[in-house]
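Shown next, in structure tokens, is the structure this report addresses.
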Amino acid sequence: MKVEDVVCPFCGCLCDDLVVEVENNRVTSVENGCTLANEKLMEDHRLKNPIRRERGSWKDVSYDAAIQETAEILLDADRPLLYGWSGTHGEAQSVGVHLAELLGAVIDNTSTVCHGPSILAIQEVGHPGCTLGQVKNRADVIVYWGANPIDAHPRHMSRYTTYADGFFVKDAFKERKVIVIDVRKTESSAVANEFVKVDQGGDYAVLSALRAIVRGKGDLIPVKVAGVTREQLFRVADICKNAKFGAIFFGLGLTMSPGKNKNIRNAIELTEELNRHTKFTISPMRGHWNVYGSNEVFTWISGYPYAVDFARGIAFYNPGETTSVDILRRGECDACLVVASDPGAHFPRACAEHLARIPTVQIDPHVNATTHLATLQIPVAVTGIDAEGTAYRMDGVPIRTRKLYEGTYPSDLEILGKIYARVKEAKGS
Amino acid sequence: MAFSFTYYLREFFRLEWLRKFLFVRTAPLAIPSYFRNFPELTGKTCTHHLFCMMACPAPGAIDVIRTPEGWHPRIHQGHCIRCGLCVEACPNGVLTSGRILETMFFDNTALSFSFRIDVDTERCMGCGNCAVACPVNKLIDPQMSHGGRASTDELLLKVSEGKCKVLHVEKCTGCKICEDHCPNEAISVARLLEAVHAPEEEP
């Protein structure tokens, strides 16, 4: 069976033009998707049933027993942490936030180790962004700052920016100028018109220099700023100022390098300066396919995009204190529910060690690094393959992912719904 | 001294010498029609295949420019080495030089271009830059150039199973845009130029 217009549940691009063939509850071919989409949709290494760690080995358990045990672990804990959420759909995330409220738990999503600082900057100075459709149809200057879309979002350039013909940009890459700013040459810089190599940690200075030039204070600029020559800075500022419509996309190279949220604040303020000359927008390159959705869902329920602590009975948000890494590092957390993410692979060693010490339950279709720290793992359907749900693209556009076949696994929503029901029953509320 | 002076007088005032000096007849200083000079335009319509540029061995010797009247090739004489390959490679006889066109006609020979596209699937990320930028794809399926959705198998290139796949190599025009815009150096286009003796026309 051929399914058209399939939404890819891998990265924040959320490409919705895939053509997928399905036979006997398996995806047999993927058209139009990049190599990441292909691997994600064609994979066949799922965990068969829930497993529990018992005396150093894994024992199979039923879904019902696993759900009951998860509810008990969470009810027993004084300071539970519900982490992850970016790899599942909005409906499941919504249950997660309600579960956190009921438990008085901390709920955090992967932004905490990803675009968290970008969100802090956006909370300070706002977000002059736009949808990817606007970029495709209008932008004649594209800036990638600290991002390598070819590796992390392979179709970003061909589907939304550099190569896609738009309504006002008929001859895509011939009319568009692409500037890549990074600390090293990347695949993306190989196809850029201008590559700006910044010294490690020098992004803030380069952003400030560009702001000064755009402001007309170019005579203040020294011969070199963080490894970038004055001439190149003026050239880049000129390209940006002369654009009809420019779009800056920034990745973790800017967000997570020294300066963090202040880098992003400076980049947003550069965008603001450029808007005195032309139209310019700035957007983060979101990683997980629904990480933007987890920020949205958390925000509309609790008021905060990540690191929400319900211990006081109301939502409390203080990144640096209520963020997962800090809670785990302080050894504060005494039970953890990991949903649709892999902190074992991405958290600092001390945090991973603490996760291994406390009861950690993972809800994820695959065996990953967190499995090795967990006490219980419950496999679920993969949203976009055998479960459906709403996801938010990196530009904040909600897209409904589709179910390609009727699988045998329960969805995140079903499992979390049952856990929520048991917790609610036990709490008697 | 006296000897050499008279020697010179005797030598230069010979009647034969004077006749030769004053009434000498040399070959006319004209370029013969068969000389292979810098290529010139024949006035035929250029179809912008750019085979002349592809065949040219001298960097910067020829380009094809667009004027209000249409496309036409332009020879840069400082760079041209007058090899005549552009004249032979042109499928429309837009250029001429010496007897090249006549010789090709009588010998029934031609320079023929074909293209081969190789994709290194180890390096290819399936980003689709090549397939979206490809000008041939753009003419076949506008959806392709508007974001990489392949809706027909008539395309030259498309992304399938996460890798770039060549569907119709015979449609390739050898422009190498895919190669220039591949971030991983995964795709390469070979321009194969061969001299062929065209088959005799049937009576």
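Go through segment A:246-303 and tell me which helices (runs of 4 or more DSSP H), entirely inside it, have 1 or more residues that are over 20 Å from A:A209 (Cβ atoms) and of a type outside the set (S, T, Y).
Fully inside segment A:246-303 and qualifying: A:252-255, A:291-302.
Go through segment B:173-188 and give me each residue that's within 16 Å of B:D118 (Cβ to Cβ) and crowded, with 22+ Cβ neighbours inside 10 Å.
Matches in segment B:173-188: B:C178, B:C182, B:A186, B:I187.
Quick check on segment A:61-69. Is at least one of its residues closer than 17 Å to A:V339 by Cβ, more than 14 Å from chain B (Cβ to nearest Cβ) and not in a helix (DSSP H, G or I)? Lay out the reasoning, then the answer.
Let us first name the residues in segment A:61-69 that are closer than 17 Å to A:V339 by Cβ, namely A:63, A:66-67, A:69.
Next, from what is left, pick out any that are more than 14 Å from chain B (Cβ to nearest Cβ): A:63, A:66-67, A:69.
After this cut, where a residue has to be not in a helix (DSSP H, G or I) as well, the list is none.
No; the residues of segment A:61-69 include none that is closer than 17 Å to A:V339 by Cβ, more than 14 Å from chain B (Cβ to nearest Cβ) and not in a helix (DSSP H, G or I).
Would you confirm, using the coordinates I've provided, whether A:A152 is of a type in the set (A, V, I, L, M, F, W, C), farther than 16 Å from A:F280 by Cβ, touching a Leu at 6+ places or on another chain (Cβ under 9 Å) and within 14 Å of chain B (Cβ to nearest Cβ)?
Numbers: of a type in the set (A, V, I, L, M, F, W, C): yes; farther than 16 Å from A:F280 by Cβ: yes; touching a Leu at 6+ places or on another chain (Cβ under 9 Å): yes; within 14 Å of chain B (Cβ to nearest Cβ): yes.
Here the answer is yes, as A:A152 does meet what is asked.
Among the residues in segment A:120-132, are any over 15 Å from the mean Cα position of the chain (by Cα) and within 14 Å of another protein chain (Cβ to nearest Cβ)?
Yes.
Taking B:Q143 and the conditions (1) polar (S, T, N, Q); (2) more than 9 Å from chain A (Cβ to nearest Cβ); (3) touching a Ser or Thr at 6+ places or on another chain (Cβ under 7 Å), which numbered condition does it fall short on, given that it satisfies the others?
That leaves (2) as the condition not met.
Is it fair to say A:V180 is under 22 Å from B:S145 (Cα atoms), within 11 Å of another protein chain (Cβ to nearest Cβ) and either in contact with a Lys or Arg (Cβ under 8 Å, 6 or more places away or on another chain) or crowded, with 21+ Cβ neighbours inside 10 Å (or both)? Can you show your working first?
On the way: under 22 Å from B:S145 (Cα atoms): no; within 11 Å of another protein chain (Cβ to nearest Cβ): yes; either in contact with a Lys or Arg (Cβ under 8 Å, 6 or more places away or on another chain) or crowded, with 21+ Cβ neighbours inside 10 Å (or both): yes.
Spelling it out, it is not the case that A:V180 is under 22 Å from B:S145 (Cα atoms), within 11 Å of another protein chain (Cβ to nearest Cβ) and either in contact with a Lys or Arg (Cβ under 8 Å, 6 or more places away or on another chain) or crowded, with 21+ Cβ neighbours inside 10 Å (or both).
Among (1) away from every other protein chain (no Cβ under 14 Å); (2) under 14 Å from A:T383 (Cα atoms); (3) out of contact with any Pro (no Cβ under 9 Å at 6 or more places or on another chain), where does A:V6 come up short?
It fails just one condition, (1).
Just give me the residues in segment B:149-166 being more than 7 Å from chain A (Cβ to nearest Cβ), of a type in the set (A, V, I, L, M) and either part of a strand (DSSP E or B) or in contact with a His (Cβ under 6 Å, 6 or more places away or on another chain) (or both), in sequence order. Walk me through it before giving the result.
Filtering segment B:149-166 down to residues more than 7 Å from chain A (Cβ to nearest Cβ) leaves B:151-158, B:164-166.
Filter once more, keeping what is of a type in the set (A, V, I, L, M): B:155-157, B:166.
Listed by number, the residues that qualify are B:L156, B:L157, B:V166.
Consider A:T88 carefully, then state whether it is more than 11 Å from chain B (Cβ to nearest Cβ), modelled with pLDDT of 95 or more, part of a loop (DSSP other than H, G, I, E, B) and touching a helix residue (DSSP H, G or I) at 6+ places or on another chain (Cβ under 6 Å).
On the way: more than 11 Å from chain B (Cβ to nearest Cβ): yes; modelled with pLDDT of 95 or more: yes; part of a loop (DSSP other than H, G, I, E, B): yes; touching a helix residue (DSSP H, G or I) at 6+ places or on another chain (Cβ under 6 Å): yes.
Yes: the conditions hold for A:T88.
Could you look through segment A:387-429, keep only residues that are surrounded by fewer than 23 Cβ atoms within 10 Å (Cβ to Cβ), assigned to a loop (DSSP other than H, G, I, E, B) and charged (D, E, K, R), and pick out the one that is farthest from the chain's Cα centre (by Cα)?
A:E406
Free of Cβ contacts under 8 Å to residues at least 12 places away in the same chain, under 21 Å from A:E272 (Cβ atoms) and in the same structural domain as A:F280 (by TED's automatic domain parsing), is that true of A:K217? Spell out how you get there, then give the answer.
Values: free of Cβ contacts under 8 Å to residues at least 12 places away in the same chain: yes; under 21 Å from A:E272 (Cβ atoms): yes; in the same structural domain as A:F280 (by TED's automatic domain parsing): yes.
So A:K217 passes the test.
Residues checked against (1) surrounded by 13 or more Cβ atoms within 10 Å (Cβ to Cβ); (2) at pLDDT 95 or above:
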site	(1), (2)
A:C15	yes, yes
A:A37	yes, yes
A:D44	no, no
A:P50	yes, yes
A:G56	no, no
A:D60	no, yes
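Looking at (1) at the interface with chain B (Cβ under 8 Å from one of its Cβ atoms); (2) more than 20 Å from B:N184 (Cβ to Cβ); (3) in contact with a helix residue (DSSP H, G or I) (Cβ under 8 Å, 6 or more places away or on another chain), which one does A:G33 not meet, given that it meets all the others?
(2)
Does A:L103 satisfy the condition of being buried (at least 17 other Cβ atoms within 10 Å of the Cβ) and not assigned by TED's automatic domain parsing to the domain that holds A:T255? Walk me through it before giving the result.
Working: buried (at least 17 other Cβ atoms within 10 Å of the Cβ): yes; not assigned by TED's automatic domain parsing to the domain that holds A:T255: yes.
For A:L103, the condition - buried (at least 17 other Cβ atoms within 10 Å of the Cβ) and not assigned by TED's automatic domain parsing to the domain that holds A:T255 - is met.
If you scan segment A:221-236, which residues turn out to be under 21 Å from A:N193 (Cβ atoms), in contact with a helix residue (DSSP H, G or I) (Cβ under 8 Å, 6 or more places away or on another chain) and surrounded by fewer than 17 Cβ atoms within 10 Å (Cβ to Cβ)?
Passing the criteria: only A:F234.
Out of curiosity, is B:C130 facing chain A (nearest Cβ under 10 Å), hydrophobic (A, V, I, L, M, F, W, C) and either in contact (Cβ under 8 Å) with a residue 12 or more places away in the chain or assigned to a strand (DSSP E or B) (or both)? So that I can check it myself, show each step before the final result.
On the way: facing chain A (nearest Cβ under 10 Å): yes; hydrophobic (A, V, I, L, M, F, W, C): yes; either in contact (Cβ under 8 Å) with a residue 12 or more places away in the chain or assigned to a strand (DSSP E or B) (or both): yes.
Against the criterion (facing chain A (nearest Cβ under 10 Å), hydrophobic (A, V, I, L, M, F, W, C) and either in contact (Cβ under 8 Å) with a residue 12 or more places away in the chain or assigned to a strand (DSSP E or B) (or both)), B:C130 qualifies.
Go through (1) out of contact with any Gly (no Cβ under 7 Å at 6 or more places or on another chain); (2) surrounded by fewer than 16 Cβ atoms within 10 Å (Cβ to Cβ) for A:N25 and report which single condition fails.
(1) is the only condition that A:N25 fails.
The values are calculated or read from the model by the stated rules, or taken from the named source; none is laboratory data. Bear in mind that the values here come from a model prediction, so they are computed numbers and not experimental data. Quick reminder, even Gly has a Cβ in these numbers, built from the backbone with ideal geometry, and neighbours come from all protein chains shown.
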